[in-house]
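The values are calculated or read from the model by the stated rules, or taken from the named source; none is laboratory data. Please read these numbers as outputs of a predicted model, since none were measured by experiment. Here the Cβ is made from the backbone with ideal geometry for all residues, glycine too, and neighbour counts use every protein chain on show.
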Amino acid sequence: MIYQVAVPTPLDQVFDYLPPENWMPYPLAVGMRVLVPFGNRVLGGLIVAIQEESDCPIEKLKAIRAVLDKTPLFNTEELALLQWVSRYYHYPLGEVLDAALPSLLRSGKTELVKKPTQRVYSLSPQAREFTLETLPLKKNTVQHRICSLLWEYSEALSREAILQQIPTAAPSLSKLVGAGWLIEEVRERKELLETFPQDSPPELNPDQRAAVTKITDSLDKFFPCVLDGVTGSGKTEVYLQVIAEVLTQQRQALVLVPEINLTPQMLQRFRQRFPVNIAVLHSQISAPARLQAWRAAQSGTAQIVIGTRSAVWTSFANLGVIVVDEEHDLSYKQQDSLRYSARDVAMVRAQRTNIPIILGSATPCLETLYNAQQGRYTHLSLPERAGSAAHPSVKIVDMRQQPRQLLSKTLHQAIKQRLAEKQQVLLFMNRRGYAPTLTCYHCGWVAHCLACSANLTYHAQPPRLECHHCGVVRPLDIVCPECQHTELHFLGRGTERIEEDLQALFPEARILRIDSDSTRQKQKMQGFIEQIHAGEADILIGTQMLAKGHHFPQVTLVGVLNCDGGLFNVDFRGSEHLAQMLVQVSGRAGREAVAGEVILQTYHPEHALFQHLLQQGYPAFAEIALQERREANLPPYGYLALLRTEAENFEKAVNVLQAAKMELNIFSDIELWGPVRAPMEKRAHFYRAQLLLQSVRRDALHQGLRAVMPNLRKLANAQKVRFSLDIDPLDLL
């Protein structure tokens, strides 16, 4: 037999091999990993087909060196999905398969992976002699809360599980062990979430009940649906009750979330609802832990998998439903290497597996809404907030009357009122750091990044200048390097500077800043969430990390400090992303009994986006945006692909794209825009150019790309130019 093996190389083909010499133990099958000779190297690869003949003479074929698996890693459906991904995104199959595997399987290692361990804690016999009420520990302290958690759970809990519930527990755990109240043990790590005492499902409102019924009536077929629910409408509860029905059929569920750290409440609700094994897959867990979670899903041990975009590749024993929460979120699109959309891959996976898929969002992307309009997706609507919560009132403030002020008089007064009533305030600014620009007024010098076409951002904690594109960091300039003037100025505001200004305006307020700088440490985000829910913060300042997925019952006022950033974006999707962000962040206000208020500060209050969005809602904005897209044949009415090149000088980068354009000119159904300099011309010392392909026919676009890509790869390699292809690009920058 001839075994076709895909190996992780830039070559877009598979390679034929003979079986290992004297191989007898068990039959080789499609989906198994093997080690094969490749040139002067030995590479790990995956068997993708078995044939009786080869186009290559048998005497020239080499034999497989070693077999790494006894059973396939992917079933037939999963392997077919990965082959589709390779074709659709024009990416070598070997590298697609490599990206889909956990890193420890990807490396081709043959030795056993060392099983990771973890510390677990349980109540000691000494503690069990008391009841929780008579235990001689001060009530409502961290130590008492730890003991209460262990009493309630009645079994040993891992350190990670305790810290997820009580982020400040680490010092108290050591003290409780030393005092004899807890027993600490080292056990094999369980990469499945421990479940806590179960919640009872709440009563659904009519819209939720109708959505659950329609989905559960279609569990035996491909049923793509859009769960279009306003913020706070109870979309997560619909997911939970659908998954509950899937679990009764002994099937599994995959739940995709944009970023695992931004949705702690969803994890918590799943743990409290389901007494089953839940695996979590994301980039912050260790390689052995990721492998264990992946294996648990593959074997069926994990009934639910919750993960970020890469979890879409997970192998399942019996997948029954896929949920894509916040389906509009840009985080679902990989922006380097294999530039895939996890949402789109999940849709194809559901179709091939013949199961339902739920796309949930308060602000569905325009492509999703268009598919619903065309009848390709079922549109399920949740127009009202769950429970007694009402929609927040929204007010626009014209900042042209109050230039250079952080807070308008309206917003300042509203904050004072909410603080006086012991309610929480959320202020949104999607710019981290202290100030985006450092300049000299004397000569006009600006602190630029030498590696990128961008300014350096000043960060005060700790003091430094940082490029948010290539990551370079350097010390703050004390004098102007051009004119030696000693007085330098900061222009603009980031979250750090806003925090400083607010502390001066409201000295008695407890202010919490949440951005990617303040949450870098593990468990920091969860600690902040706990502080907010405990009422230990009055004003929350945050970037988009706070704009989605969170339920803050005490937040009654949301202020958007500058909502003009997306109004004049060079990317045609800029207005869509701005509208989604404004709706999402506004949805954090008034999610319980107290009515919410949203104040938007803008220098363009008459802009049509604000008028349509605020007066008629997101559906009205989306309808107008779709009309504009239709007139320009832009997605979803047309299809795009973006070829990018990077080189040490611009001429090399653009020459490769000029050659590609000459080959593509013969395809009359494809419009070509460029090649041009990328909006950010230089990044990380490389100059960047791009060529945009546009067509009203998806098949025509892919036909042209199939013809040009082999020659483009050869030319780019010869010219020492890096290139990438982005199918259905979401970022034209």
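Being within 26 Å of the chain's Cα centre (by Cα), surrounded by fewer than 22 Cβ atoms within 10 Å (Cβ to Cβ) and not β-branched (Val, Ile, Thr) narrows it down to one of Leu613, Leu626, Leu540, so name that one.
Details: Leu613 fails: surrounded by fewer than 22 Cβ atoms within 10 Å (Cβ to Cβ); Leu540 fails: surrounded by fewer than 22 Cβ atoms within 10 Å (Cβ to Cβ).
Just a single option satisfies the conditions, and that option is Leu626.
Got at least one residue in the stretch 84-99 being modelled with pLDDT of 90 or more, aromatic (Phe, Trp, Tyr) and assigned by TED's automatic domain parsing to the domain that holds Ala170?
In the first step, residues of the stretch 84-99 are kept if they are modelled with pLDDT of 90 or more; the result is 84-99.
Those left that are additionally aromatic (Phe, Trp, Tyr): 84, 88-89, 91.
With the extra rule that they be assigned by TED's automatic domain parsing to the domain that holds Ala170, the set shrinks to none.
Checked the stretch 84-99: no residue is modelled with pLDDT of 90 or more, aromatic (Phe, Trp, Tyr) and assigned by TED's automatic domain parsing to the domain that holds Ala170.
Scanning the stretch 208-233 for residues that are within 20 Å of Glu327 (Cα to Cα) and among the charged types (D, E, K, R), which turns out nearest to the chain's Cα centre (by Cα)? If we take residues in the stretch 208-233 being within 20 Å of Glu327 (Cα to Cα) and among the charged types (D, E, K, R), then Asp228 is nearest to the chain's Cα centre (by Cα). When Ser315, Ser299, Ser337 are checked against the criterion of being surrounded by fewer than 24 Cβ atoms within 10 Å (Cβ to Cβ), in the same structural domain as Phe270 (by TED's automatic domain parsing), free of Cβ contacts under 8 Å to residues at least 24 places away in the same chain and closer than 24 Å to Ile285 by Cβ, Ser299 stands alone in meeting it.
A quick yes/no check of all residues on (1) aliphatic (A, V, I, L, M); (2) more than 22 Å from Ile215 (Cβ to Cβ); (3) in contact with a helix residue (DSSP H, G or I) (Cβ under 6 Å, 6 or more places away or on another chain); (4) at pLDDT below 90:
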position: Asn277; (1), (2), (3), (4): no, yes, no, yes
position: His282; (1), (2), (3), (4): no, yes, yes, yes
position: Ala287; (1), (2), (3), (4): yes, yes, yes, yes
position: Ala296; (1), (2), (3), (4): yes, yes, no, no
position: Ile304; (1), (2), (3), (4): yes, no, no, no
position: Val312; (1), (2), (3), (4): yes, no, yes, no
position: Glu326; (1), (2), (3), (4): no, no, no, no
position: Gln334; (1), (2), (3), (4): no, yes, no, no
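Filtered by the rule that a residue be closer than 30 Å to Gln616 by Cα and charged (D, E, K, R), the stretch 230-249 gives Lys235, Glu237.
Condition check ((1) without any contact (Cβ under 8 Å) to a residue 40 or more places away in the chain; (2) of a type in the set (Ser, Thr, Tyr); (3) part of a strand (DSSP E or B)) across all residues:
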{"position": "Leu11", "(1), (2), (3)": "no, no, no"}
{"position": "Asp16", "(1), (2), (3)": "no, no, yes"}
{"position": "Gly44", "(1), (2), (3)": "no, no, yes"}
{"position": "Cys56", "(1), (2), (3)": "no, no, no"}
{"position": "Glu59", "(1), (2), (3)": "yes, no, no"}
{"position": "Leu79", "(1), (2), (3)": "no, no, no"}
{"position": "Tyr121", "(1), (2), (3)": "no, yes, yes"}
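Taken residue by residue, the stretch 551-572 has at least one member that is part of a loop (DSSP other than H, G, I, E, B), among the aliphatic types (A, V, I, L, M) and crowded, with 17+ Cβ neighbours inside 10 Å.
Taking the conditions (1) buried (at least 24 other Cβ atoms within 10 Å of the Cβ); (2) in a helix (DSSP H, G or I); (3) not hydroxyl-bearing (Ser, Thr, Tyr) in turn, Ala253 satisfies each one other than (2).
Yes/no matrix, rows are residues, columns are (1) surrounded by 13 or more Cβ atoms within 10 Å (Cβ to Cβ); (2) touching a strand residue (DSSP E or B) at 6+ places or on another chain (Cβ under 9 Å); (3) in the same structural domain as Asp398 (by TED's automatic domain parsing):
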{"position": "Ala620", "(1), (2), (3)": "yes, no, yes"}
{"position": "Asn655", "(1), (2), (3)": "yes, yes, no"}
{"position": "Ala659", "(1), (2), (3)": "yes, no, no"}
{"position": "Leu672", "(1), (2), (3)": "yes, yes, no"}
{"position": "Gln694", "(1), (2), (3)": "yes, yes, no"}
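Residues Tyr434, Tyr441: which one is surrounded by fewer than 16 Cβ atoms within 10 Å (Cβ to Cβ) and in contact (Cβ under 8 Å) with a residue 40 or more places away in the chain?
Matching residue, one of Tyr434, Tyr441: Tyr441.
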